Amino acid sequence: MVRFMIRKGHDGPARRGFLHFAEERLETPALLGPASSAYSKIQYCTVSALNESTSGFYMCSTGSLFQEGAISYDIKRANMIYLLPSMTGLSAMPSEIGINYVRAQLPAIPGDQSDRSCFAIRIPSNISDSDMHALVELIKASEITVVAFTFNGENGPPDLRNLTLRSMLPRNVLCIALGRIPPSMLPLLYYVGFDVIDFGYAFEAASRNLRLWGLDEEPVGFGSERRYCSCVYCMGTEKESTDPRTLLEKHNASIYAQVLSSAIHFAANGNLRWFVESKTHASPEAASFLRRIDSSLYSFLEEFTPNHVGTKIPFIGTESYYSPTVIRFREFVARRYKPSDDKKLVVLFPCSARKPYSDSKSHRRFSAVLDRILGNKRDAVAETIITSPLGLVPRELERIYPAGYYDIPVTGQWDAEETTIAAEALVTHLSKFDESVVVIAHVSGGYLDVVRQAEVQIRQSIIYTAHEASPTSNTALAALKDTISDLLDIITLLPKRSTLLDTIRATADFMFGEGAGDCLAPSDASVRGKVYGSIICRVSNAQTCLYSGINGRLSLTLEGGKRLASLGRYWVRFDAPQIEGSSIFAVGVSSADTAIRPGDEVIVVDSNDRVLGVGRSEMSGQEMCDFTNGIAVRIRHKEK
């Protein structure tokens, strides 16, 4: 029996896991290649080549669909996956043939084989769009949990169709990428959820005297000037005594191992997406391929993208504009952020290199002006930071991921695309305020261009205080001070108890959706603490949540979970009347809110919707339902 289990942690659909073969297990992601390579964690083989001394983990090809005679499975090894029969020339056949080919593979499984976990079904890339859903249902009904796709490495429609089909499969399926896969494509395949990746192209390239690198390849011929390489195969002692072709094969194979190791490293740090984006510079085709993936598979990518990563996240180029993390943040702010009714003045500021913005020198200067002129009325001002590629960040949300964790090249110059993105976000944001609210735009350069582009769709009056001067210049700060002083004679700003309540409410709505802030922190709530430290929120002396200034997120208490349960969101239904231990495993989850993402705060309920506990999710809601192993929720508080 072969079982696939995933470990804690996600960075998009990429996952680390274990492939269990009876008494042994193999870590994934893993490279698939010939037995002659030390980098082959799973080795190619054929049924006819197996013998009693065969050891290691194997992907065994069972031959052609139309070969004469029955396929022999005489040797059944616990460390073996059988790849169901192939079909020559399939890629050149009409798309209607595709699903029939999948059906034709199933009879190759022995009739006495009740456990199908050791068989991998091949998925052709020429499946028609109309057959895609039927194919997924066929795979579910077949009870096969290992699926293999074949790529041509051209980043074209067949490869994109493979990824689309992969996104439609049940979440507990082990996915294998076969075919002509260059090293630059490997991080992308890992990112979109492939667990075993074929590196056979390393040997094909060597046969054509091509030396592979992370982003490209080069011909190696007699008398040609070679690029410097410090690997042991190009510089080591083997060079003089080993056949040049063999050395080239080893060099090429080592590149795959290096790239995969880097991908795993960046995934563990929450920066795999950045690594994938960097690989798109290999070619224009690679860049356009990622953009097509972002457009067509956004829902799939977003489902597995954590709502919090504790490390800096770089946004370097245009590929970052439409990454799942960025789009989700813009959508959450647009849909979920609700300013309090007493905000009568909006001040727009530029972003800063340092995060959170409040800790930067520029924003400390802005803050000093507001404090000096407004005093305890400052909390009636809605401070909004314009930034790329997030669009804008309300001050209350400046510490939450990714607003408090991103890094961009700060030049003050914006391209047309990011200007449009921020302008649209600004129009949506200001539409939530009353028309009588006054907007002060204390921005210049590209930030000023954003406001100018949005101005025609903004109902409120806008006053510009920086113009072409730097917003931190004495001239601009004096203009900001004088403008606010003049406005105090026209608009009434009422002092508030504290901005802490606004921060709790805005964060709750951002994390759990509209209405969550009112549930956790109603107007009579008691809040104590510091926004840069922690804030405790209590209602009728019962603590509902704790805000952390380190990550800008809320941690629920049982009381908070009970209050939020009425909204019917972020729930996990557990098949037991009580929680035992500090974790809930996927096997015990009967259903879950599909809006749950890895790292979300969740509410655990029983079959009668009684709240049993609260904690942090380790899987997406759909994964909890599809998997029968692995930790689904880490419990923080539970009913005793």
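The values are calculated or read from the model by the stated rules, or taken from the named source; none is laboratory data. Please read all numbers here as calculations on a predicted model, not as lab measurements. No Cβ is skipped: glycine too gets one built from the backbone with ideal geometry, and neighbour counts run over all protein chains shown. Remember, those area values only see protein heavy atoms, side chains included, never the ligands or the DNA or RNA. Shrake-Rupley method; radii C 1.70, N 1.55, O 1.52, S 1.80 Å.
Looking only at residues that are assigned to a strand (DSSP E or B) and farther than 16 Å from Ile400 by Cβ in the stretch 556-576, which one is least open to solvent (accessible area, probe 1.4 Å)?
Step one: of the stretch 556-576, the residues assigned to a strand (DSSP E or B) are 556, 571-574.
Right, trim to farther than 16 Å from Ile400 by Cβ and you get 571-574.
Values: Trp571: 63, Val572: 0, Arg573: 51, Phe574: 32 Å².
Of everything passing the filter in the stretch 556-576, Val572 is least open to solvent (accessible area, probe 1.4 Å).
Which condition number in (1) surrounded by fewer than 23 Cβ atoms within 10 Å (Cβ to Cβ); (2) touching a Gly at 6+ places or on another chain (Cβ under 6 Å); (3) within 24 Å of Arg3 (Cβ to Cβ) is the one that Ala592 fails?
Going through (1) surrounded by fewer than 23 Cβ atoms within 10 Å (Cβ to Cβ); (2) touching a Gly at 6+ places or on another chain (Cβ under 6 Å); (3) within 24 Å of Arg3 (Cβ to Cβ) one by one, Ala592 breaks only (1).
How many of the residues making up the stretch 540-555 are in contact with a helix residue (DSSP H, G or I) (Cβ under 8 Å, 6 or more places away or on another chain) and either assigned to a helix (DSSP H, G or I) or not β-branched (Val, Ile, Thr) (or both)?
7
Of (1) part of a loop (DSSP other than H, G, I, E, B); (2) surrounded by 14 or more Cβ atoms within 10 Å (Cβ to Cβ); (3) not hydroxyl-bearing (Ser, Thr, Tyr), Gly412 satisfies all except one. Which?
All conditions are met except number (2).
Does any residue of the stretch 430-442 turn out to be out of contact with any strand residue (DSSP E or B) (no Cβ under 9 Å at 6 or more places or on another chain), aliphatic (A, V, I, L, M), in a helix (DSSP H, G or I) and more than 26 Å from Asp600 (Cβ to Cβ)?
No: the stretch 430-442 contains no residue that is out of contact with any strand residue (DSSP E or B) (no Cβ under 9 Å at 6 or more places or on another chain), aliphatic (A, V, I, L, M), in a helix (DSSP H, G or I) and more than 26 Å from Asp600 (Cβ to Cβ).
Restricting attention to the stretch 143-168, which residues are part of a helix (DSSP H, G or I) and touching a Leu at 6+ places or on another chain (Cβ under 6 Å)? Walk me through it before giving the result.
Looking only at the stretch 143-168, we keep the residues that are part of a helix (DSSP H, G or I), and these are 157-168.
Within the stretch 143-168, Ser167 is the sole residue that qualifies.
In the stretch 428-461, how many are open to solvent by 30 Å² or more (accessible area, probe 1.4 Å) and hydrophobic (A, V, I, L, M, F, W, C)?
Summing the residues that are open to solvent by 30 Å² or more (accessible area, probe 1.4 Å) and hydrophobic (A, V, I, L, M, F, W, C) in the stretch 428-461 gives 1.
Could you say which residue among Tyr191, Tyr228 is on the phi < 0 side of the Ramachandran plot and open to solvent by less than 70 Å² (accessible area, probe 1.4 Å)? Step through it out loud before you land on a result.
Working: Tyr228 fails: open to solvent by less than 70 Å² (accessible area, probe 1.4 Å).
Answer to the check: Tyr191.
If you check Gly630 against the conditions, is it buried (at least 19 other Cβ atoms within 10 Å of the Cβ) and more than 24 Å from the chain's Cα centre (by Cα)?
Values: buried (at least 19 other Cβ atoms within 10 Å of the Cβ): yes; more than 24 Å from the chain's Cα centre (by Cα): no.
Answer is no for this residue.
Give me the pairs, please: first residue somewhere in the stretch 162-175 and more than 10 Å from Leu297 (Cβ to Cβ) and open to solvent by 10 Å² or more (accessible area, probe 1.4 Å), second residue anywhere and hydrophobic (A, V, I, L, M, F, W, C) and in a loop (DSSP other than H, G, I, E, B), beta-carbon distance under 7 Å, and either six or more positions apart or on two chains.
Arg171/Phe627; Asn172/Phe627
Kindly indicate which of Glu383, Glu418 is charged (D, E, K, R) and part of a strand (DSSP E or B). Write out each step before concluding.
On the way: Glu418 fails: part of a strand (DSSP E or B).
Only one candidate qualifies: Glu383.
Does Thr472 qualify as being in a loop (DSSP other than H, G, I, E, B), under 39 Å from the mean Cα position of the chain (by Cα), in contact (Cβ under 8 Å) with a residue 40 or more places away in the chain and surrounded by 17 or more Cβ atoms within 10 Å (Cβ to Cβ)? Talk me through it step by step, then tell me what you get.
On the way: in a loop (DSSP other than H, G, I, E, B): yes; under 39 Å from the mean Cα position of the chain (by Cα): yes; in contact (Cβ under 8 Å) with a residue 40 or more places away in the chain: yes; surrounded by 17 or more Cβ atoms within 10 Å (Cβ to Cβ): yes.
When the stated conditions are applied, Thr472 passes them.
Being closer than 30 Å to Leu83 by Cβ and aromatic (Phe, Trp, Tyr) is the filter here; which residues of the stretch 190-235 pass it?
Tyr190, Tyr191, Phe194, Phe199, Tyr201, Phe203, Trp213, Tyr233
Check Asp131, Asp74 and return the single one that is modelled with pLDDT under 70 and over 16 Å from Thr145 (Cα atoms).
Asp74
Report whether or not Ser523 is part of a strand (DSSP E or B) and either touching a residue at least 60 places away in the same chain (Cβ under 8 Å) or open to solvent by 10 Å² or more (accessible area, probe 1.4 Å) (or both). If you could, list the steps in order and put the result at the bottom.
Working: part of a strand (DSSP E or B): no; either touching a residue at least 60 places away in the same chain (Cβ under 8 Å) or open to solvent by 10 Å² or more (accessible area, probe 1.4 Å) (or both): yes.
Criteria not met by Ser523.
Can you name the residue in the stretch 356-374 that is open to solvent by less than 40 Å² (accessible area, probe 1.4 Å) and without any contact (Cβ under 8 Å) to a residue 12 or more places away in the chain and is also nearest to the chain's Cα centre (by Cα) among such residues?
Only one residue fits best here, namely Ser360.
Going by what's in this entry, would Arg553 be described as open to solvent by 40 Å² or more (accessible area, probe 1.4 Å) and among the basic types (Lys, Arg)?
no
Looking only at the stretch 181-195, decide whether some residue is touching a strand residue (DSSP E or B) at 6+ places or on another chain (Cβ under 6 Å) and in a strand (DSSP E or B).
Looking through the stretch 181-195, none of the residues is touching a strand residue (DSSP E or B) at 6+ places or on another chain (Cβ under 6 Å) and in a strand (DSSP E or B).
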